[in-house]
Amino acid sequence: MNGLEEALERDPSFEHMDKSTDTLQDFIARAWADPETDQVQQYITKHSRELLELVCFLPIEYLAIDTPATLLGLQLLPVTDSSIPTTTAPWFDLAPPIGCVAAIPVTGTNLGKMAERAQTLLAHALRVARVGLRDHNGINDRQLRFRPAVAYAFSNNLSGWRSRGDIAYELTLGPSSLDSISNGPVWTMSATPVTDIHKKADLALRWMERARFADEPLIALLYLFFALEALLGDTSEGLKADMLAFRQLVLSHVVSGGFREPNATWFLYSRVRSAAVHGEEPPPVDDAIVDSFEWAVRDTLNEYLTFASTQNIGRRGKLIKALTSHPDVPKLVDWIRTNAGNDWEAYLEKALLIAEHPTEQLHD
């Protein structure tokens, strides 16, 4: 079943099918019940569709042309070009800031996926153009912020749209909403922080704000890690994924009595964040992963402020020392050894050593 599913993913004749495994399970049942019959050919005959060959039209904001042009093999048309579909869909609007329209041939059986492939090609071309055009001395940086619009249309006059990653929705805020949440530690933060603890918390808050407005999950995740490092990081080298995840665990345990699965932070730092900042291709990250990690970092910020306040700590270095030398460290190390896998062992030895000799531990 997995093999068939992978094959279907690669064949656009079947991309019209939804993600449901019902048809695949039916295929497996038929193959099991009647192994003498070529169930593959029957499946193909039943579910394949003839490929559509269309042109996908993608409006572009803040990039204007007067005559047709070619950009990395993609055709760009003025908004007045007669070949652009005259759809009545309200979202396919060619008014400013739309300055031109890309016309990209596409093939497939699912219009949404066909549009995604065209959008991927256009995104690459615009990405290259933003860098390449800057060599022109007469072009200003802010003139290179052109981008695809949200709408698309096909040569058969069907159209659609997709939301941007940075879309915003209105929030109506009433007194009851504020009353129920405004007593948390983050609400005590000052606009002009004085202590080192509060300066680091303010820095984390600013990175979290950038993450909120990021339109790509990977960028948001990187900003959230910058926030976490502002709270619990230091300038020491090596095993930083382990260090951050362990300090986050200890802080949560000390303040709340519980903690999240530390491997989540460990994996995202070690495999995603490190790959991205060191020039490698990171694993894919979606909004659900970022939302979960943002919640964890938000909890860490509140726990950081709570711990600093209750312990009367004014510097981050002192707070980290209090965490890494906490008497519960050996117990937490035992929990990780039992539940979190073998990748932690090198750091756990170091964590126990730091707990025993706290004066030798820190680069602040």
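Where a number appears in this text, it was derived from the coordinates with a stated rule and is not lab data. Computed from a predicted structure; not experimentally measured. Positions of Cβ are generated from backbone atoms using ideal geometry, with glycine treated the same way; all protein chains shown enter the neighbour counts.
Per DSSP helix of 4 or more residues, -39500 (n - 2.57); summed, then divided by the residues of the chain. What does that give at 222 nm, rounded to the nearest 500?
Working: 14 runs with 176 residues, N = 364.
Helices in the chain give a 222 nm mean residue ellipticity of -15000 deg cm²/dmol.
Placing unit charges on the Cβ atoms only, positive for Lys and Arg and negative for Asp and Glu, gives the chain a dipole magnitude near 1180 debye about its Cα centre. In terms of other Cβ atoms within 10 Å, K200, K331 run from fewest to most in the order K331, K200. Modelled this way, with points 7 Å down the Cα-to-C-beta line, the labels at D215 and I65 are 2.0 nm from one another.
Quote the charge dipole size of region 175-360 about the Cα centre in Debye, to the nearest 20; the model charges only the Cβ of Lys and Arg (+1) and of Asp and Glu (-1).
Numbers: 18 positive and 26 negative charges, 130 e Å.
Roughly 620 debye for region 175-360.
With a/c under 1.5 counting as rounded, go ahead and sort region 97-232 into rounded, prolate or oblate using the C-alpha gyration tensor (a ≥ b ≥ c being the square roots of the eigenvalues; past the cut-off, prolate if a/b is larger than b/c, else oblate). Prolate is the answer for region 97-232, as a/c is 1.5 or above and a/b outweighs b/c. Quick one: grab the alpha carbon gyration tensor of region 175-360, order the square roots of its eigenvalues as a ≥ b ≥ c, and give me rounded if a/c is under 1.5, else prolate or oblate depending on whether a/b is larger than b/c. Oblate is the answer for region 175-360, as a/c is 1.5 or above yet b/c matches or exceeds a/b. Only one residue of H326, A220, W187 has its Cα farthest out toward the positive end of the dipole of the chain, where Lys and Arg carry +1 and Asp and Glu -1 on Cβ, and that residue is W187. Taking the charge dipole of the chain about its Cα centre, with +1 at Lys and Arg Cβ atoms and -1 at Asp and Glu Cβ atoms, the residue from A89, G314, T120 reaching farthest to the positive side is G314. From the alpha carbon centroid of region 101-132 to that of region 22-72 is 17 Å. Cβ-Cβ distance of E345 and E50, R₀ of 45 Å, FRET efficiency by 1/(1 + (r/R0)^6): the value works out to about 0.20. Among the listed values (i) 57, 29, 24; (ii) 36, 23, 19; (iii) 48, 31, 19, the one matching semi-axes √(5λ) of the Cα gyration tensor in Å as calculated from this structure is (iii). Across the options A129, L24, A288, the greatest Cα extent toward the positive end of the charge dipole of the chain (unit charges at beta carbon of Lys, Arg, Asp, Glu) belongs to A129. Charge dipole of region 12-127 (Cα centre as origin; +1 on each Lys and Arg Cβ, -1 on each Asp and Glu Cβ, all else neutral): 220 debye, rounded to the nearest 20. For region 280-326, GluC sites (Glu not before Pro) meeting the loop criterion (DSSP other than H, G, I, E, B) and having at most 15 other Cβ atoms within 10 Å: E280.
Just want the ordering: V250, V277, from fewest to most Cβ atoms lying within 10 Å of their own Cβ.
Working: V250 26, V277 11.
So the residues, fewest neighbours to most, are V277, V250.
The residues L24, L319, when put in order of fewest to most other Cβ atoms within 10 Å, stand as L24, L319.
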